[in-house]
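Please read through the structure below; I'll follow up with questions.
The values are calculated or read from the model by the stated rules, or taken from the named source; none is laboratory data. Here the structure is a predicted model, which is why all the values come from computation and not from measurement. Because the Cβ atoms are built from the backbone with ideal geometry, glycine has one as well, and the counts that use them run over all protein chains shown. These area figures cover heavy atoms from the full protein model, side chains too; ligands, DNA and RNA do not enter into them. Shrake-Rupley method; radii C 1.70, N 1.55, O 1.52, S 1.80 Å.
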Amino acid sequence: MKHGFAILIALMLPISVMAQGTTQNGMAYQYNGKKPKTALANVNIRTVASPAISGANGAFTLKMKTTKMGDPIRLLFATKAGYVLFNKDEAESWSVKKGTLRLVMCDAVTYNKMKNTNYEKLLANLTAKHDREEKRLRALLAQHVLKEKDYQAQIDSLGQQYDNSLTKIDEYAEEYTRIDESELDDVMSKAKQLFDNGDADEAIKTLKSSHIVDDYIKTFKEEKDSREKIEKIQKHIGDVTEDRGKAKANILAQITMLKSFGQFDEARNLLKTLADNEPTYENIFAYADFCNTQSYKNEAEEYLTILMNNLRKEAKPDKAQLANVLVKLGEIYLKKIEYQKSKDALTEALEIRKEFADKSLDMYGLDYSLAMKDMAMLYREQKQYEEGKKMMGEAISVLRNLVSKDKDTYNIFLSQVLTDYGQILMDTEEFAESEKALTEAYEIDSIQTAKFPGAYEHERGMTLSKLGYLYEELKRYDEAERMLLQSVEIDRKLEKENPEANEPYLSVKLNALAVLYQREGKS
């Protein structure tokens, strides 16, 4: 870089104290797939700064009263009718800098169509991978390579991993949909195209042929060596940091592809590489969270504990990050039936999120309500149903307040909390209230389906089936049959579009109908 010497001189000069008040420039773009992004006007941006709107050329300016260079910028919302925020992770990690912030929006219909397609592909691939592995194990058993005990243990582990993966498939689909194809290098572009075409094996080979991870790790040694030569340090560090950023961006895209197509061990190894070599909050948390999903509970607990201790050692720990870590630890302790440890972690997280919510319910009410929901589910596990219902009621109250101001953003979270609330009410045999909660959740799902045709059909079908199970419990067999038949109708349609992905769900619903008919005495 030609400006290396100038940068070196600048860094040797005293850093002046910034005057109170900072402005940060940014640009809003429209995502166009592999084609270059184009400027996007009239995007509303709300952060800790004063609200801003992008102009005709996509430019916007954030004016902050107390934030200074390097401080994080909390992105609250970036909205435009008919669009969704595409580079969500990037925007959520904004900080004040000399350069220009980048905001990428995607047409909502296009985005939801891509996500729905990706969801079906991911589910099909996961199911096919599970079936292949199960078939392989059966063959080893038949050949007496595996003993019955070992075979059963591996089958159980395979089923657990498959079930865990299904709970995260919507998240994987969203991550995969947000891969920016216009920024992938040739190898990654080729790999993604192979993934999209359903050729996962060839795509994995292509990913393995790249040297992205080696390039990423190599940057650290180059950085260390460059520091020995003062005259060249700024230029080299700048170059290496840029290379690292590009390499890391491609690693993250590679991880998303691997997760989306069931290559979980390889994805976990890459996440561990990031966490061990660059132990930032984001890297460690991402690795621990994925370990938790894949049932590596001890590994997840170990890294989350390290992260929690690191945060506590800081002079001014980021309380929001600490709360996130405590919530995950609370979930792990709950699954390990360590109720007191779970309660301690969740209680501290709830206190932190309440502190933020008391300052601004609009900005932090969502995190607060979800923390209350987690605590309510702990109460449910301990059979402290009254405490659980009270906590869940408060969470719902906060979410209703948020929904009244922004339905599109918060409705889906309200639906999730109502569903969990319905479960607690079923535990206490308050079936009428349970029906009310589940029905409202279904109505919300239906609204989402109407807004984005085809995108939420699977979710709507699942909600119908849950209502069917409730009615069957109440011996309202006609209504149970009607709900299950509607759910089956949706699954039949989806099964025709993608048999491999949707046939398992259809099979479960048909079996539920068979059980219902048997209870009714029908043939």
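Accessible surface of Lys232 in the full protein assembly, 1.4 angstrom probe, to the nearest 10 Å²?
Using a 1.4 Å probe on the heavy atoms, I get roughly 130 Å².
Suppose every Lys and Arg Cβ carries +1 and every Asp and Glu Cβ carries -1, with no other charges. What dipole size does region 342-393 come out with about its Cα centre, to the nearest 20 debye? Can you show the working numbers first?
Numbers: 9 positive and 11 negative charges, 49 e Å.
Using Cβ point charges on Lys, Arg, Asp and Glu, region 342-393 gives about 240 debye.
What is the sum of charges around Leu158, taking Lys and Arg as +1, Asp and Glu as -1, for the other residues whose C-beta is under 13 Å from the C-beta of Leu158? Don't jump to the answer; show the numbers that get you there.
Numbers: positive: Lys129, Arg132, Lys135, Arg136, Arg138; negative: Asp131, Glu133, Glu134, Asp150, Asp156, Asp163, Asp265.
Residues near Leu158 contribute -2 overall.
Right, here's the next one. May I ask for the distance between the Cα centers of region 313-365 and region 207-273, given as a whole number of Å?
31
Mind pulling the angle between the C-alpha long axis of helix 281-293 and the longest principal axis of the chain? Nearest 10 degrees, somewhere in 0 to 90.
In the chain, helix 281-293 runs at an angle near 20 degrees to the longest axis.
With point charges of +1 on the Cβ of Lys and Arg and -1 on the Cβ of Asp and Glu, referenced to the Cα centre of the chain, which listed residue (Asn283, Ile233, Phe356) lies farthest in the positive direction of the dipole?
Going by the charge dipole, the pick is Ile233.
If each of Glu222 and Lys359 carries a label point 7 Å out from its Cα toward its Cβ, how far apart are those two points in nm?
4.0
What ³J(HN,Hα) values, in whole Hz, does the Karplus curve 6.51 cos²θ - 1.76 cosθ + 1.60 give for region 374-391 when θ = phi - 60°, with x put for Gly and Pro?
Karplus-based 3J(HN,Hα) across region 374-391 equals 4, 5, 4, 5, 5, 4, 4, 4, 8, 6, 8, 5, 5, 4, x, 5, 5, 5 Hz.
So, R0 is 45 Å and r is the distance between the beta-carbons of Asp156 and Thr38; what FRET efficiency does that work out to, to 0.05?
On the way: r = 51 Å, r/R0 = 1.14.
Taking R0 as 45 Å, the efficiency between Asp156 and Thr38 is 0.30.
While we're here: Tell me, what are the semi-axes, in whole angstrom and largest first, of the equivalent ellipsoid of region 134-292 as set by the roots of 5 times the Cα gyration tensor eigenvalues? Before the final figure, lay out each step's value.
On the way: eigenvalues 258, 67, 46 Å².
Whole-Å semi-axes of the equivalent ellipsoid: 36, 18, 15.
Computed over the Cα atoms of region 380-451, what is the convex hull's projected area averaged over all directions, in nm²?
Working: hull surface 18.5 nm².
Mean projected area of the Cα convex hull: 4.6 nm².
Could I ask something else about it? Of Leu62, Thr219, Leu75, which is farthest on the positive side of the dipole of the chain, counting Cα position, with +1 on Lys and Arg Cβ, -1 on Asp and Glu Cβ, and the Cα centre as origin?
The residue sitting most towards the positive pole is Leu62.
Okay, moving on. Using the Cα centre of region 56-199 as origin and beta-carbon charges of +1 (Lys, Arg) and -1 (Asp, Glu), tell me which of Ala124, Ser165, Phe86 is placed farthest towards the positive end of the dipole.
Of Ala124, Ser165, Phe86, it is Phe86.
Whenever you get a sec, line up Lys135, Lys297 from highest to lowest accessible area (probe 1.4 Å, protein heavy atoms). Mind dumping the intermediate values first?
Details: Lys135 140, Lys297 45 Å².
Ranked list, largest accessible area first: Lys135, Lys297.
Sticking with this one: Peptides 508-515, 187-194: what's the order by average Cβ count within 10 Å, highest mean first?
Listed from highest to lowest mean packing, they are 187-194, 508-515.
Please list the non-local residues whose amide H lies under 5 Å from the amide H of Arg74, H modeled 1.01 Å from N, same-chain partners needing a gap of 5 or more.
Under 5 Å from the amide H of Arg74 lie the amide H atoms of Val48, each far enough along the sequence or on another chain.
Further question: Based on the Cα gyration tensor of region 170-252, what are the three equivalent ellipsoid semi-axes, each the root of five times an eigenvalue, rounded to whole Å and given largest first? Each step should come with its number before you reach the end.
Working: eigenvalues 202, 34, 18 Å².
Listed largest to smallest, the semi-axes of region 170-252 are 32, 13, 9 Å.
Keeping every protein chain present and rolling a 1.4 Å probe, give me the accessible area per residue for the chain in Å².
Details: 27410 Å² over 523 residues.
Dividing the accessible area of the chain by its residue count gives 52 Å².
What is the dipole size for region 256-303, taken about its Cα centre, with +1 at each Lys and Arg Cβ and -1 at each Asp and Glu Cβ, in debye to the nearest 20? Don't skip to the end; give the middle numbers.
Numbers: 4 positive and 9 negative charges, 36 e Å.
That gives a dipole near 180 debye.
Residue by residue, what Karplus-based ³J(HN,Hα) values in Hz, rounded to whole numbers, does region 134-149 have, using 6.51, -1.76 and 1.60 with θ = phi - 60° and x for Gly and Pro?
With coefficients 6.51, -1.76 and 1.60, one gets 5, 5, 5, 5, 4, 5, 5, 5, 5, 7, 6, 6, 10, 7, 4, 5 Hz.
Quick one: of Lys88/Lys121; Lys407/Lys496; Lys436/Lys509, which pairs are farther than 24 Å apart, Cα to Cα?
Details: Lys88/Lys121 22 Å; Lys407/Lys496 32 Å; Lys436/Lys509 22 Å.
The pairs that break the limit, which is 24 Å between Cα atoms, are Lys407/Lys496.
I would also like to ask the following. Run the quick spin-label model on Lys65 and Lys451: label points 7 Å from Cα toward the beta carbon, then report their separation in nm to one decimal.
Each label point lies 7 Å from its Cα, and together they span 3.2 nm.
Kirkwood hydrodynamic radius (Cα pairs, Å) of the chain? Don't skip to the answer; put the middle values down first.
Values: mean 1/r = 0.0387 Å⁻¹.
Kirkwood radius, the chain: 25.8 Å.
Could you please report the charge total around Tyr111, scoring K, R as +1 and D, E as -1 over all other residues with beta-carbon less than 10 angstrom from its beta-carbon?
+1
Something else now. So for region 351-460, averaging the separation of alpha carbon pairs under 8 Å that are six or more residues apart and normalising by length, what relative contact order in percent results?
Details: 112 pairs, mean separation 19.9, N = 110.
The normalised contact order for region 351-460 reaches 18 percent.
Related question: Could you give the C-alpha radius of gyration of region 203-352 expressed as a fraction of 2.2 N^0.38 Å, taking N as the number of residues it contains?
Working: Rg = 18.0 Å, N = 150, 2.2 N^0.38 = 14.8 Å.
Rg over 2.2 N^0.38 Å, computed on Cα atoms: 1.22.
Could I ask something else about it? What are the ³J(HN,Hα) couplings of region 217-229, residue after residue, when phi is run through the Karplus curve with 6.51, -1.76, 1.60 and θ = phi - 60°? Round to Hz, x for glycine and proline.
Using θ = phi - 60°, the values come out as 5, 4, 4, 5, 5, 4, 5, 4, 5, 5, 5, 6, 10 Hz.
How high is the FRET efficiency from Tyr339 to Lys97, r the C-beta distance, R0 30 Å, rounded to 0.05?
Numbers: r = 45 Å, r/R0 = 1.49.
So the FRET efficiency works out to roughly 0.10.
Lys and Arg at +1, Asp and Glu at -1: add these up for the other residues within a Cβ distance under 12 Å of Asp408 and post the number. It would help to have the intermediate numbers written out before the result.
Numbers: positive: Lys80, Lys405, Lys407, Lys451; negative: Asp406.
Here the count lands on +3.
Just to be sure I follow the rule: in region 239-332, considering lysines 8 or more places apart or on different chains, how many pairs have Cα atoms under 30 Å apart?
27
Order the following by accessible area, largest value first: Asp150, Asp491, Asp201. Probe radius 1.4 Å; ligands, DNA and RNA are ignored. Intermediate results must be reported in sequence, preceding the final value.
Numbers: Asp150 75, Asp491 5, Asp201 100 Å².
Putting Asp150, Asp491, Asp201 in descending order of accessible area: Asp201, Asp150, Asp491.
Moving to a separate point now. Taking the Cα centre of region 115-249 as origin, work out the dipole magnitude from +1 charges on Lys and Arg Cβ and -1 charges on Asp and Glu Cβ, in debye rounded to 20. Mind showing how you got there, number by number?
On the way: 25 positive and 31 negative charges, 89 e Å.
So the dipole magnitude of region 115-249 works out to roughly 420 debye.
If one computes the Cα centroid of region 78-100 and of region 103-135, what distance in Å separates the two points?
Computed from Cα coordinates, the inter-centre distance equals 24 Å.
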